[in-house]
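Input: a single structure, listed below in structure tokens.
The values are calculated or read from the model by the stated rules, or taken from the named source; none is laboratory data. A quick note: this is a predicted structure, and the numbers were derived from the prediction, not measured. Backbone-built Cβ (ideal geometry, glycine too); neighbour counts: all protein chains shown. Note: accessible area is taken over every heavy atom of the protein model, side chains too, but ligands, DNA and RNA are not part of it. Shrake-Rupley method; radii C 1.70, N 1.55, O 1.52, S 1.80 Å.
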Amino acid sequence: MSGLSFVAALVLCAADPASETINPVPLPARRQMLVEWGFDQDAEGWTAQNNCRLSGGGGSLKVDVTGEDPYFHRPVGLPGGNLLLEIRARSSNSGSGSIFWTTRQSPRRGPDKEKGFALKHDGQWHEYTVQFTAPGDLTDIRLDPGFTPGEFEIDYVRLVSLEYFPLEVTPVQSADGRVQFRLVNRSAKVVAFSAVGREQNLEPAAEAVLDHPATTAAPVEAATLAVTVAGFPPVERTVFAARPEADVAWLEQPLGEFSLRIAPDGSAARIDRQGQPVAMLAPLVHIKDRVPRLKPAAASGSTSLKFEGEGVSLELAVSGEELSVSITSREPCEGPVVRALGGLEGGLFAGIEYLERGERSSSKLDVETEEHLRFAPDPLKVTMPLMVFATERATVAMMWNDTQLQPVYATPNFFDGGDDHRMSLKGERIEATLRFDHSPVEETIAWAVGRHGLPPLPAPPRSPEEQRKLNLAGLNGPLRTEEGWGHCVEDRWPRRPFADMASTLWRLTGEIPELPELASGGAHIPNSSLYFVTGRALEWKKQQARQVESFIRQQGPDGAYRYRGEYARGHFEDTANGICARPAATMLQYAYVTGDRRALEAGLKTLDYMKRFRVPRGAQVWEVPLHTPDVLASAYAVWAYVRGYELTGKDEYLREARRWALTGVPFVYLWGSEPVMVYGTPPVLGATNWRAPLWIGLPVQWCGLNYAYGLTMLAPYDKTIDWNHLARGILIAGEQMQIPDGPQAGLLPDSFDLRTQERRPWMINPCALVSVRRVLDGEVDFLSVAADKDHRVAAPFPVSLRDGKAHVKGQPGVKYQVLVDGQRAIDVVSQGDDVVAIVQ
């Protein structure tokens with residue numbers, strides 16, 4: 001602290017919220033109890049509103065949950081602001097909890113006044129805290145105790161007002177290595193504070209700038225500011241100033257085409273390429289914001305360096321372009337603090353962030369609530385232990401094995417106020433591997449999977465025959481009525497004679513449902529094979545041709561598709577690969593089956609346009625921002641490019657299919673600490689309507705099943721990763737999540753809570769599970785297509801072309817059609833091995 005001083009005098013000015021950096025250090029708060037409900041006599045004003053009954057007295061509130069989506073409320077008249085709701089409860093029902101609130105200025109409930117929280121349903125008492133902000137006077141609180149029937153009992157509910165430390169400390173690091181701290185008064189009052197040994201007053205919305213000049217020539221220096229305000233705990237903020245240009249007696253090691261330079265005291269390291277620094281490890285390790293004094297020790301080999309001191313052991317070992325860092329500490333520590341230098345070209349924090357050129361982490365482009373702050377997330381939300389920064393100077397990737405370590409990720413580096421890009425790990429024993437090269441982000445994903453390997457497949461939850469019966473139960477249960485099937489079981493989805501469900505039912509039983517008409521679609525993975533076993537192949541072709549024609553009309557001259565709806569807000573353009581890939585996949589699938597030239601040319605034009613995209617985005621703009629990274633966008637892109645490759649033989653399309661397949665890997669859990677977790681697939685790295693639900697760390701397996709289906713298409717042509725293994729893992733995770741019994745047996749939940757292992761609505765038809773399992777088992781799902789230089793034939797059974805004839809391995813006794821060149825439907829009564837003349 002002795003190095004801190006005011007810059008000339010106190011600087012007073014209006015703070016510019018647009019220029020504020022993220023403050024990763026939580027501000028302390030003082031508490032004031034507003035009200036406590038202990039339920040000694042009765043329900044104390046709490047009233048049931050939906051699917052529950054309340055009875056209070058004897059020190060608890062008993063909630064008898066009688067149906068789905070229960071909730072009860074309590075009118076209040078209390079001051080708003082920053083509030084904390086504390087609840088002690090026990091539960092035997094299921095589902096997460098939520099609170100809703102209203103204020104005088106915003107009297108209607110809505111998603112903008114909602115906060116969810118996880119509940120434990122083990123019948124034991126647990127304490128829950130929910131923090132929220134209610135501007136103005138608070139008028140009502142609503143509590144949602146889970147989602148399903150059961151018992152819920154509350155010991156107490158407390159409402160606490162939080163008054164935060166009024167001064168926010170935001171660091172700004174200048175180019176010469178010194179640190180400037182800014183104190184900004186966020187309150188509406190003049191604040192008296194003490195810092196740097198001086199007492200000062202700060203007006204509302206004004207700032208004070210404090211300077212920490214360089215005091216050493218070391219490659220890394222800790223600068224600490226301590227601020228006190230009467231009535232609050234003190235605030236300390238430490239920034240590590242890194243100096244790549246520091247002139248010290250570096251210890252050098254070659255690192256592939258780079259060179260590793262390590263400070264002789266083990267405080268920091270620098271990675272250079274041709275004399276230019278591309279990254280700093282600064283500090284290599286710190287404990288409670290203090291860089292320990294280390295000394296060289298005996299290393300384990302000629303390519304490693306070891307340091308010890310003050311309860312810390314640090315070893316760095318080089319192998320090719322990889323650097324292994326091993327840290328053991330008696331106390332929790334952070335390290336290595338990796339700081340990639342240069343302008344950001346791309347970034348990845350698996351399961352948390354997927355960034356393009358110049359983007360910021362923890363932004364509000366995908367999440368507007370306080371959950372946008374994801375620089376140090378719950379490790380359970382990290383899908384694979386991988387963080388990456390690709391800059392104009394180099395690509396720096398870090399992976400680790402211990403998934404309980406706390407990863408930290410920030411760009412730009414708002415921890416230290418620099419324009420570098422920071423990632424690190426926290427724990428007591430840290431083992432990390434760093435890689436330095438010039439690869440795009442997706443190639444570092446391939447590296448990480450190749451180095452770590454895909455996890456073993458989880459045990460299937462049931463035998464193939466049991467799985468078949470469960471899927472049938474899902475199709476024949478409450479999902480189905482006389483009108484047909486619903487996409488989901490809930491009433492909001494109308495029942496229709498959907499071809500996808502009818503086709504799946506036929507594939508599972510061999511029996512053809514008798515339906516006077518067919519409606520296209522119904523499932524997440526299209527399957528219209530029933531058209532071909534009910535004499536309707538040309539009807540299918542006509543329906544698909546209309547859809548393709550519509551896509552061709554919507555297509556821009558450059559092959560692009562545009563989105564201008566409400567979810568475009570915040571994105572840097574009006575398109576994304578997910579917007580383009582789905583129509584491209586549809587057109588190319590049609591061309592693949594029929595040979596249609598217009599569909600092929602239009603689809604290829606979009607494929608060529610899509611090469612410009614780097615991050616999968618924009619496939620779910622019915623509820624998710626266009627900007628939000630999205631595994632469904634990866635899925636559709638793989639589908640489209642594989643079909644493009646199959647139709648043209650162009651390697652460039654296969655390379656793009658591989659690239660987009662790699663972009664989907666970070667959406668898949670490649671580790672697991674819960675019974676159902678490994679190979680689960682969070683759908684997007686953001687939230688619905690920018691607010692809730694937050695999908696990070698919350699698998700939505702139907703999205704992953706679409707991705708898995710695309711991987712099975714890619715697998716015959718590319719061996720970068722065992723794509724079929726990855727797809728089967730996603731399938732088994734989906735089957736684990738499937739409802740195993742009861743009236744909704746066989747349905748797939750829309751999402752699955754990892755921590756509570758609970759299935760969340762909506763409850764979806766099982767067709768995607770059947771489709772993925774069939775293709776992985778080598779069976780025809782939709783249609784089999786064979787082509788030579790003269791003809792293209794599609795059939796609902798395996799088909800090949802030889803000597804001008806179609807050879808079909810059919811099902812004896814089944815009447816079906818083959819579609820020839822997208823023009824003629826030939827009727828066949830199967831004998832088993834069928835030979836069909838296709839030349840007129």
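List pairs: first in region 229-245 and within 30 Å of SER259 (Cβ to Cβ) and free of Cβ contacts under 8 Å to residues at least 60 places away in the same chain, second outside any strand (DSSP E or B) and open to solvent by 60 Å² or more (accessible area, probe 1.4 Å), Cβ under 9 Å, 6+ apart or cross-chain?
Going by the 9 Å Cβ cut-off, the qualifying pairs are THR238/LYS288; THR238/ASP289.
From the list GLU465, GLU517, pick out the single residue that is on the phi < 0 side of the Ramachandran plot, among the charged types (D, E, K, R) and not in a helix (DSSP H, G or I).
Exactly one of GLU465, GLU517 is on the phi < 0 side of the Ramachandran plot, among the charged types (D, E, K, R) and not in a helix (DSSP H, G or I), namely GLU517.
For region 707-741, which positions are closer than 17 Å to THR663 by Cβ, aliphatic (A, V, I, L, M), open to solvent by less than 20 Å² (accessible area, probe 1.4 Å) and touching a residue at least 40 places away in the same chain (Cβ under 8 Å)?
If the condition is that a residue be closer than 17 Å to THR663 by Cβ, aliphatic (A, V, I, L, M), open to solvent by less than 20 Å² (accessible area, probe 1.4 Å) and touching a residue at least 40 places away in the same chain (Cβ under 8 Å), then ALA708, LEU711, LEU714, ILE721, LEU726, ALA727, ILE730 are the ones that fit.
Starting from region 351-367, take each residue that is under 26 Å from GLY672 (Cα atoms) and list its partners that are outside any loop (DSSP other than H, G, I, E, B) and of a type in the set (Asp, Glu), counting only C-beta distances under 6 angstrom and pairs at least six apart or across chains.
So the pair list comes out as SER361/GLU353.
Which residues, taken from region 566-583, are within 12 Å of LEU632 (Cα to Cα) and open to solvent by 20 Å² or more (accessible area, probe 1.4 Å)?
ILE579, ARG582
Go through (1) on the phi > 0 side of the Ramachandran plot; (2) touching a strand residue (DSSP E or B) at 6+ places or on another chain (Cβ under 8 Å) one by one and return the number of the condition LEU475 breaks.
(1)
Which of the residues spanning region 747-791 are open to solvent by less than 40 Å² (accessible area, probe 1.4 Å), more than 24 Å from ALA837 (Cα to Cα) and assigned to a strand (DSSP E or B)?
Scanning region 747-791 gives LEU748, PRO749, ASP750, SER751, PHE752, ASP753, GLU758, MET763, ILE764.
Considering every residue within region 327-340, establish whether at least one is of a type in the set (Val, Ile, Thr), closer than 17 Å to ALA279 by Cα and crowded, with 23+ Cβ neighbours inside 10 Å.
Step one: of region 327-340, the residues of a type in the set (Val, Ile, Thr) are 327-328, 337-338.
Filter again for closer than 17 Å to ALA279 by Cα, leaving 337-338.
Subset that is crowded, with 23+ Cβ neighbours inside 10 Å: 337-338.
Checked region 327-340: at least one residue is of a type in the set (Val, Ile, Thr), closer than 17 Å to ALA279 by Cα and crowded, with 23+ Cβ neighbours inside 10 Å.
Among the listed residues VAL642, VAL638, VAL621, VAL668, which satisfies the condition of being touching a helix residue (DSSP H, G or I) at 6+ places or on another chain (Cβ under 7 Å), among the β-branched types (Val, Ile, Thr) and farther than 27 Å from GLY570 by Cβ? Write out each step before concluding.
Values: VAL638 fails: farther than 27 Å from GLY570 by Cβ; VAL621 fails: farther than 27 Å from GLY570 by Cβ; VAL668 fails: farther than 27 Å from GLY570 by Cβ.
Answer to the selection: VAL642.
Which fully enclosed strands (runs of 3 or more DSSP E) of region 25-92 have 2 or more residues being open to solvent by less than 50 Å² (accessible area, probe 1.4 Å), among the aliphatic types (A, V, I, L, M) and touching a strand residue (DSSP E or B) at 6+ places or on another chain (Cβ under 7 Å)? Before the answer, list the steps.
Numbers: elements: 29-37, 47-50, 52-57, 60-65, 71-91.
The strands (runs of 3 or more DSSP E) meeting that bar are 29-37, 60-65, 71-91.
For region 544-559, indicate whether the set of residues that are basic (Lys, Arg) and farther than 22 Å from LEU705 by Cβ is non-empty.
Within region 544-559, the subset basic (Lys, Arg) is 546, 553.
Then drop every residue that is not farther than 22 Å from LEU705 by Cβ, which leaves 546, 553.
Yes, there is a match, as at least one residue in region 544-559 is basic (Lys, Arg) and farther than 22 Å from LEU705 by Cβ.
Cβ-Cβ under 9 Å, sequence separation 6+ or interchain: first residue in region 533-562 and at negative phi and open to solvent by 70 Å² or more (accessible area, probe 1.4 Å), partner of a type in the set (A, V, I, L, M, F, W, C) and not in a helix (DSSP H, G or I). Which pairs?
LEU538/LEU819; LEU538/ALA825; GLU539/LEU518
When only residues in region 442-466 that are among the acidic types (Asp, Glu) and under 20 Å from the mean Cα position of the chain (by Cα) count, which is least open to solvent (accessible area, probe 1.4 Å)?
First, the residues of region 442-466 that are among the acidic types (Asp, Glu): 442-443, 465-466.
This time we only want the ones that are under 20 Å from the mean Cα position of the chain (by Cα), so: 442-443.
Working: GLU442: 11, GLU443: 55 Å².
Checked region 442-466; the qualifying residue least open to solvent (accessible area, probe 1.4 Å) is GLU442.
Output the residues belonging to region 792-819 that are open to solvent by 70 Å² or more (accessible area, probe 1.4 Å), farther than 17 Å from ARG507 by Cα and in a strand (DSSP E or B).
Let us first name the residues in region 792-819 that are open to solvent by 70 Å² or more (accessible area, probe 1.4 Å), namely 802-803, 805, 809, 812, 815.
Checking the rest, the ones that are also farther than 17 Å from ARG507 by Cα come to 802-803, 805.
Of everything in region 792-819, those that are open to solvent by 70 Å² or more (accessible area, probe 1.4 Å), farther than 17 Å from ARG507 by Cα and in a strand (DSSP E or B) turn out to be ARG802, LYS805.
Report, ordered by the first and then the second residue, all pairs with beta carbons closer than 8 Å, sequence separation of six or more or different chains, a first member in region 580-606 that is part of a helix (DSSP H, G or I), and a second member that is buried (at least 22 other Cβ atoms within 10 Å of the Cβ) and among the acidic types (Asp, Glu).
TYR590/ASP596
From SER302, SER324, which residue is out of contact with any Asp or Glu (no Cβ under 6 Å at 6 or more places or on another chain), modelled with pLDDT under 95 and open to solvent by 40 Å² or more (accessible area, probe 1.4 Å)?
Values: SER324 fails: modelled with pLDDT under 95.
Within the list SER302, SER324, the selection yields SER302.
If GLN124 passes every condition in (1) part of a strand (DSSP E or B); (2) open to solvent by 20 Å² or more (accessible area, probe 1.4 Å); (3) of a type outside the set (Lys, Arg) but one, which one does it miss?
For GLN124, the failing item is (1).
Specify the residue that is surrounded by the fewest Cβ atoms within 10 Å (Cβ to Cβ); the eligible residues are those in region 820-840 that are within 22 Å of ARG597 (Cα to Cα) and hydrophobic (A, V, I, L, M, F, W, C). Before you say what the answer is, go through the steps one by one.
Initially, region 820-840 is screened for residues within 22 Å of ARG597 (Cα to Cα), giving 820-826, 838-840.
Of the ones still in play, those that are also hydrophobic (A, V, I, L, M, F, W, C) are 820, 825-826, 838-839.
Working: VAL820: 23, ALA825: 21, ILE826: 16, ILE838: 17, VAL839: 8.
Top of the filtered list is VAL839.
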